[in-house]
Amino acid sequence: MSNKTIIEELQDSLVASGRYNPDDVVRPAAILWTDADHQWAPAISQLQMLMPELFVLGDYQPDKKTGPAIWLRCVIDRTLPDMEMPAEAVPVIYMPGVSRQTLRDVHGCPEELKPLVALQYQGVCWTQKNGKDWTVEAFLVSREGGLGLDLARDAATRAALVTALPALMAKPVAQMRGRHLEAEDFEKLIIEDPVKDLLTWLNKPAEVREQWPPVKWKTFRSRCKKEYKFDPEKDGELVAGELLGRKYESWEPVWNRLAEAPALYNGVAEVLRKSRPINLGMWDDKSTWPQENESGEEQLRAALLQLDGFPADQARERILELEKTHGIRREWVWVRLGKAPLAKALEHLSVVARQTEQSLGGTTPAAMAELYMSDGWQVDDAVLSAMAEAVSGADSQAVQVALRSCYLPWLENCALHLQKLIEKTPLPDHKATEKWSAGKGCVIVFADGLRWDAACRLLDKIKSHGWIVQMTSRWAALPTVTATAKPAVSPVAGEIGGNVVEDTFLPIVAKTEKTLSVERFRKLLIENNIPYLTVEETGDPAGMAWTEQGELDKLGHSLQARLACRVNEQLDLLFERLQGLFAAGWKEIRIVTDHGWILVPGGLPVVALPKYLTESRWARCAAIKEGAKVDCPVVPWYWNPHHYVAVGPGVSCFGKGNEYAHGGVSLQECLIPFIVIQGDDRAGASLAAIAEIKWTGLRCRIMVENGDPTLAVDIRLKVNEPDPEKVKAKNLGKDGDASLFIIDDSLEGSPAVVVLIDAAGTVIAKQATIVGGE
């Protein structure tokens, strides 16, 4: 479970809103954050410590990264040398007192805001899924882009929530889940917090001393002398740093608070560095000193690099020994600050080491696939995770050496075994593959290169969202390249065939015998009443459709080993597309893919295949010239098994420089997922809430926030006991309201409860009331 704080989740959400594919679109000019009620203002200074790219619309105060609209345009265009921000970051513009509606009204927009109006088209807006501004409450409770917390919806809680916002930002989200949060919970955060004051001072001692008024400084000194046994004025921050690092007596709670949200107090790390005593003993806790973690990272890096040339079994043994020594550092605070990437990568390297001790067996391709789907895929998943943790060049090189020492031999042995098995039991061709078709209300999502382990990550996301899902497997068409394999997983596969293997590996449209181009493929879909949807379209849920999402394969070819850092991003984009399709009314989504891939940092082995023997030679497959004989494995072409294709033996390629490749025969390339998802009709209901109850005599008008006609309201004496003889439930209108009448006038003045009911009849919200009004 993630232990991120609310402010870190807020940062992630803002950054994610500006996510883009550099191979497809230009970088958004900015992320606009509108906040008509100034609700987020108390937290902005804290957030700016984490996000140097965060700027504020307001009076000209460049030292606080605040200024008018025209100044902000200069910041966005990066024409102000003093306003530095990370080169890869998308600027975030916080706009207190401005709503999204104000920006949309181009003609009515105030003159001082007009320089920013175009940014809503050149950039993106950080808003809820329904286009509304993110309020603090909405971000905390929403399950669609928010934190999904359980908050009371009364006025007292809303007021306490905004007042306590600065203190709330440092709270770990995990501590707040599973609880019903009310005004009292937030009021406790507002009470004076001496631990926070101490950490705030340690974070920026000189600056805080200057900012605090004399009375506060005097009180702070008094408290420190009494509770923490030091004087901040006479002893200074270095004495405090040593006491904190040693967790001396009353300092342990201070350390625990720091460990909860270290990103809020980045400056404390430097204080600890300067405060470390030189005479630390064997039994002293070393986890609190940044130098100890840095030394551990250096030692681990050197140890991993030494694995170069080790036999696989010795490399695995050494990795597991390193895990015993360095694994403990993942519990240190420095991990939260991104200062222990190799310790984090080692967790995944250990999985690789343990699970590659034996190669995958199986007497048939199907039996081998079962072993892989049971546990084997976790090796590939761990490889990607380890590579994603190692961002710097030195760390990446260390992880690369470790993976080549134990993962590459396992990968090679598994591929060779599968290739031997398919000599006896070939994988199915287009005649042997089971055909399928979609029904009305079903949209097919093609995700290029959705390898099995990546699909397992996606499956976890889908299950956590509450959708009904089933993932089965099938074999990819050979060779495992998009030209051959994509048509094979489409609902028009029955209208496609093959003559001879051409250099493109493209099949033909059976009835015209013309090569299956992109245009002809889409035309086939339309002829079968399956429209093609672009990534912006959601189509008509009353029929069927085909759409495409995800660029794992494209990114793999361009980024090679660096693809590992982009896999989760691509899965997030795919999941967002699924949410959008279900929100548009589709009842079923089927996710199909064409092939997987193999990825090994440092490059895959190379095998010679003379060009004069081939019509075309790709990384892992080649079209053989008629009459030519090759010294590598051959497989029948999926679309015409009378013609053969050469594939790389094991995981070898027909050329140098490939860390990422596909087209050959391995479980990673050939075993592909087929995912069927049934939408949850209640998915959008979690956002709905009873906003207003208004009585006129015995008639009650109820307003529901984020309501829709699939929801109904009722008035009951007990929450789960409807009584249609006294009042009849009614579905909401298109504006999210409904009017109910109490049939039994003897109930006037009685306590009752208004309930909100989803399509399945489940009560999802309630609000106490008095029949006839109070």
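Could you list, in sequence order, the residues of the stretch 349-359 that are surrounded by fewer than 22 Cβ atoms within 10 Å (Cβ to Cβ) and either without any contact (Cβ under 8 Å) to a residue 40 or more places away in the chain or out of contact with any Lys or Arg (no Cβ under 8 Å at 6 or more places or on another chain) (or both)?
Taking the stretch 349-359 as the starting set, the residues that turn out to be surrounded by fewer than 22 Cβ atoms within 10 Å (Cβ to Cβ) are 350-351, 354-355, 357-359.
S350, V351, R354, Q355, Q358, S359, listed by residue number.
Within the stretch 600-657, the set of residues being closer than 25 Å to T425 by Cβ, part of a strand (DSSP E or B) and among the basic types (K, R) is empty.
May I ask you to verify whether S374 is without any contact (Cβ under 8 Å) to a residue 12 or more places away in the chain and open to solvent by 40 Å² or more (accessible area, probe 1.4 Å)? In short, yes.
For F582, the test of being in contact (Cβ under 8 Å) with a residue 60 or more places away in the chain, in a helix (DSSP H, G or I) and surrounded by fewer than 18 Cβ atoms within 10 Å (Cβ to Cβ) is failed.
For (1) within 30 Å of Q397 (Cα to Cα); (2) open to solvent by less than 10 Å² (accessible area, probe 1.4 Å); (3) modelled with pLDDT under 90, each residue gets a yes or a no:
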residue	(1), (2), (3)
E588	no, no, no
D631	no, no, yes
P636	no, no, no
W639	no, yes, no
V676	no, no, no
G679	no, no, yes
R682	no, no, yes
I693	no, no, no
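Every residue in the stretch 239-260 that is over 26 Å from M169 (Cα atoms) and exposed (fewer than 14 other Cβ atoms within 10 Å of the Cβ), please. Once the filter is applied, which keeps residues that are over 26 Å from M169 (Cα atoms) and exposed (fewer than 14 other Cβ atoms within 10 Å of the Cβ), the stretch 239-260 yields only E249. Screening the candidates D235, D231 for the property of being acidic (D, E) and open to solvent by less than 40 Å² (accessible area, probe 1.4 Å) yields one hit, D231. For the structure I just gave you, tell me whether V98 is open to solvent by less than 30 Å² (accessible area, probe 1.4 Å), over 28 Å from N266 (Cβ atoms) and not small (G, A, S). Criteria met by V98.
Please verify whether the stretch 521-537 includes one or more residues that are in contact (Cβ under 8 Å) with a residue 40 or more places away in the chain, over 19 Å from R457 (Cα atoms) and of a type outside the set (V, I, T). Yes: the stretch 521-537 contains one or more residues that are in contact (Cβ under 8 Å) with a residue 40 or more places away in the chain, over 19 Å from R457 (Cα atoms) and of a type outside the set (V, I, T).
Mind listing whichever residues of the stretch 262-283 are open to solvent by less than 60 Å² (accessible area, probe 1.4 Å) and out of contact with any helix residue (DSSP H, G or I) (no Cβ under 7 Å at 6 or more places or on another chain)? Show your work before the answer.
Of all residues in the stretch 262-283, those open to solvent by less than 60 Å² (accessible area, probe 1.4 Å) come to 262-265, 267-269, 271-272, 275, 277, 280-281.
Within the stretch 262-283, L280, G281 meet the criteria.
The number of residues in the stretch 319-336 being of a type in the set (K, R), part of a helix (DSSP H, G or I) and either more than 17 Å from S350 (Cβ to Cβ) or in contact with a helix residue (DSSP H, G or I) (Cβ under 7 Å, 6 or more places away or on another chain) (or both) comes to 2.
Within the stretch 384-420, restricting attention to residues that are open to solvent by 30 Å² or more (accessible area, probe 1.4 Å) and acidic (D, E), the residue that is farthest from the chain's Cα centre (by Cα) is E412. Just give me the residues in the stretch 166-184 being within 18 Å of E9 (Cβ to Cβ), part of a helix (DSSP H, G or I) and either in contact with a Pro (Cβ under 7 Å, 6 or more places away or on another chain) or open to solvent by 40 Å² or more (accessible area, probe 1.4 Å) (or both), in sequence order. Listed by number, the residues that qualify are P166, Q175. Return yes when E423 is among the charged types (D, E, K, R), in a loop (DSSP other than H, G, I, E, B) and open to solvent by 50 Å² or more (accessible area, probe 1.4 Å) and no when it is not. No; evaluated as a whole, the condition is false for this residue. Among the residues of the stretch 56-68, those identified as closer than 17 Å to I31 by Cα and either under 32 Å from the mean Cα position of the chain (by Cα) or β-branched (V, I, T) (or both) are V56, L57, K65, T66. Scan the stretch 739-748 and tell me whether some residue there is within 30 Å of the chain's Cα centre (by Cα) and at pLDDT below 90. No, the conditions are met nowhere in the stretch 739-748.
Scanning the stretch 427-457 for residues that are under 27 Å from the mean Cα position of the chain (by Cα) and either in a loop (DSSP other than H, G, I, E, B) or closer than 24 Å to E370 by Cβ (or both) turns up A447, D448, G449, L450, R451, W452, D453, A454, A455, C456, R457. Checked against (1) closer than 20 Å to I31 by Cα; (2) in contact with a helix residue (DSSP H, G or I) (Cβ under 8 Å, 6 or more places away or on another chain); (3) not in a loop (DSSP other than H, G, I, E, B), G146 passes all but condition (3). Can you tell me which residue within the stretch 458-507, out of those that are of a type in the set (S, T, N, Q) and either under 27 Å from L573 (Cβ atoms) or open to solvent by less than 20 Å² (accessible area, probe 1.4 Å) (or both), is nearest to the chain's Cα centre (by Cα)? It comes out as S464. Scoring A343 on the criteria (1) outside any helix (DSSP H, G or I); (2) closer than 27 Å to T288 by Cβ leaves a single failure, condition (1).
Does F521 count as in contact with a Pro (Cβ under 8 Å, 6 or more places away or on another chain) and in a loop (DSSP other than H, G, I, E, B)? Here the answer is no, as F521 does not meet what is asked. Elements of the type helices (runs of 4 or more DSSP H) sitting completely within the stretch 193-249 and holding at least 3 residues that are among the hydrophobic types (A, V, I, L, M, F, W, C): these cover 194-203, 214-223, 236-246.
Pairs linking a residue in the stretch 211-230 that is touching a residue at least 12 places away in the same chain (Cβ under 8 Å) to a residue that is surrounded by 15 or more Cβ atoms within 10 Å (Cβ to Cβ) and small (G, A, S), with Cβ atoms under 7 Å and 6 or more positions apart or on different chains, are F230/A240. In the stretch 345-383, which residues are farther than 22 Å from L458 by Cβ and within 20 Å of the chain's Cα centre (by Cα)? A345 - this is the single residue of the stretch 345-383 that is farther than 22 Å from L458 by Cβ and within 20 Å of the chain's Cα centre (by Cα).
Scan the stretch 288-306 and tell me whether some residue there is modelled with pLDDT under 95, open to solvent by 50 Å² or more (accessible area, probe 1.4 Å) and in a loop (DSSP other than H, G, I, E, B). So far as the stretch 288-306 goes, no, none of its residues is modelled with pLDDT under 95, open to solvent by 50 Å² or more (accessible area, probe 1.4 Å) and in a loop (DSSP other than H, G, I, E, B). Cβ-Cβ contacts under 8 Å between residues 6 or more apart (or on different chains), taken from a first residue in the stretch 294-322 that is aromatic (F, W, Y) to a second residue that is in a helix (DSSP H, G or I), are listed as F310/R318; F310/S405.
Looking only at the stretch 67-88, how many residues end up being open to solvent by 10 Å² or more (accessible area, probe 1.4 Å) and under 25 Å from Q128 (Cα atoms)?
Within the stretch 67-88, the subset open to solvent by 10 Å² or more (accessible area, probe 1.4 Å) is 68, 70-71, 73-74, 76-88.
Filter once more, so that each one left must be under 25 Å from Q128 (Cα atoms): 73, 76, 88.
Residues flagged as open to solvent by 10 Å² or more (accessible area, probe 1.4 Å) and under 25 Å from Q128 (Cα atoms) within the stretch 67-88 amount to 3.
Residues in the stretch 250-281 that are over 21 Å from S45 (Cα atoms) and outside any helix (DSSP H, G or I) were compared, and the one that is nearest to the chain's Cα centre (by Cα) is R276.
The values are calculated or read from the model by the stated rules, or taken from the named source; none is laboratory data. Bear in mind the structure is a predicted one, so any value in this text is a computation, not a measurement. Quick reminder, even Gly has a Cβ in these numbers, built from the backbone with ideal geometry, and neighbours come from all protein chains shown. Ligands, DNA and RNA are stripped out before the accessible areas are found, and what is left, the full protein with its side chains, is counted by its heavy atoms. Shrake-Rupley method; radii C 1.70, N 1.55, O 1.52, S 1.80 Å.
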